[in-house]
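Structure first, then comments.
Nothing in this text is a laboratory measurement; each read-out follows from the coordinates by a stated rule. This is a predicted model, so every value here is computed, not measured. Here the Cβ is made from the backbone with ideal geometry for all residues, glycine too, and neighbour counts use every protein chain on show.
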Amino acid sequence: AQTVTQSQPEMSVQEAETVTLSCTYDTSENNYYLFWYKQPPSRQMILVIRQEAYKQQNATENRFSVNFQKAAKSFSLKISDSQLGDTAMYFCAFMSYSGGGADGLTFGKGTHLIIQP
Amino acid sequence: GAVVSQHPSWVICKSGTSVKIECRSLDFQATTMFWYRQFPKQSLMLMATSNEGSKATYEQGVEKDKFLINHASLTLSTLTVTSAHPEDSSFYICSAREDSGLGNIQYFGAGTRLSVL
């Protein structure tokens, strides 16, 4: 079984600053994906970014980027030029994958990110 | 982008009654859908994996007779909470994995808040 750990229950930064959310995971699987999901007060889960474990290059989506350290089993999310709309719960998630298909997601406990004006 | 519709968004029922929640993929086919449960201020926990045309796979500790899952078509999965009790009150979220999509992305419904009186 895999576990996902987010050690920062809450973070608060000023608008326009850069913030990094940490995530570590533990698995014995070789084929897997890692995700960051955002859950605003509406509770709708929104995909922020994903990373295939076999890719060494870190994923980037506009202001969002990850630092994927496979050997260390670390998967942090960096948000640049933070905006008020980034305020939300952020969940790190793990999904193993085999030839038979993908498993469900294992989520960390989440980090509540607050962007201050 | 891919859209998943979940209905109802909020339901209140009396103890002992059954409640059905629908999860539909609106613009893609999904052989596999997932059901999660989220308690207040907590993370999402995978309850079961729903596969079209076959029995659902339940996570350890989830009562399959309490949470009935039916995946009758490539666009619809339903979760029925049978003989609901106050402890079943929670936020239930479904997700669907696009059959033709790359990267095994799961798209989430907006969730259903269940309150059992």
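Values for this structure:
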quantity	calculated
Karplus-derived 3J(HN,Hα), 6.51/-1.76/1.60, for each residue of segment B:69-86, Hz, glycine and proline x	10, 10, 10, 7, 9, 6, 10, 9, 10, 10, 10, 10, 8, 8, 6, 5, 10, x
Unit charges at the beta carbon, dipole of chain B: most positive-side option, B:N104, B:Q60, B:L74	B:Q60
Cβ-placed point charges (K, R +1; D, E -1), dipole of chain A about Cα centre in debye, nearest 20	140 debye
D_trans [Stokes-Einstein, Kirkwood Rh over alpha-carbon pairs] for the protein assembly as shown, 20 °C, 1.002 mPa s, µm² s⁻¹	117 µm²/s
Set of lysines near A:K55 by C-alpha distance (under 22 Å), chain-local residues within fewer than 8 positions excluded	A:K70, A:K73, A:K78
Per-selection Kirkwood Rh - chain A (Cα, Å, 1 d.p.)	14.4 Å
The protein assembly as shown - Cys residues lacking any other Cys C-beta under 4.7 Å	B:C13
Using θ = phi - 60° and Karplus 6.51 cos²θ - 1.76 cosθ + 1.60, couplings along segment A:64-80 (whole Hz; Gly, Pro as x)	9, 8, 10, 10, 9, 10, 5, 5, 7, 6, 10, 8, 9, 10, 10, 10, 9
Under 5 Å, built H, 5+ apart or other chain: amide partners of A:M11	A:H112, A:L113, A:I114
Among A:106-112, B:91-97, the order from most to least packed when residues are scored by Cβ within 10 Å on average	B:91-97, A:106-112
Partner chain coverage, peptide B:109-117 - average Cβ within 10 angstrom	1
Subset of A:K38/A:K109; A:K109/B:K20; A:K38/B:K55 violating a 19 Å alpha-carbon distance limit	A:K109/B:K20; A:K38/B:K55
Those GluC sites (Glu not before Pro) in segment B:60-108 that DSSP places in a loop and that have at most 14 other beta carbons within 10 Å	B:E63
Point-to-point label distance, A:F64-B:W10, nm (Cα→Cβ direction, 7 Å offset)	2.7 nm
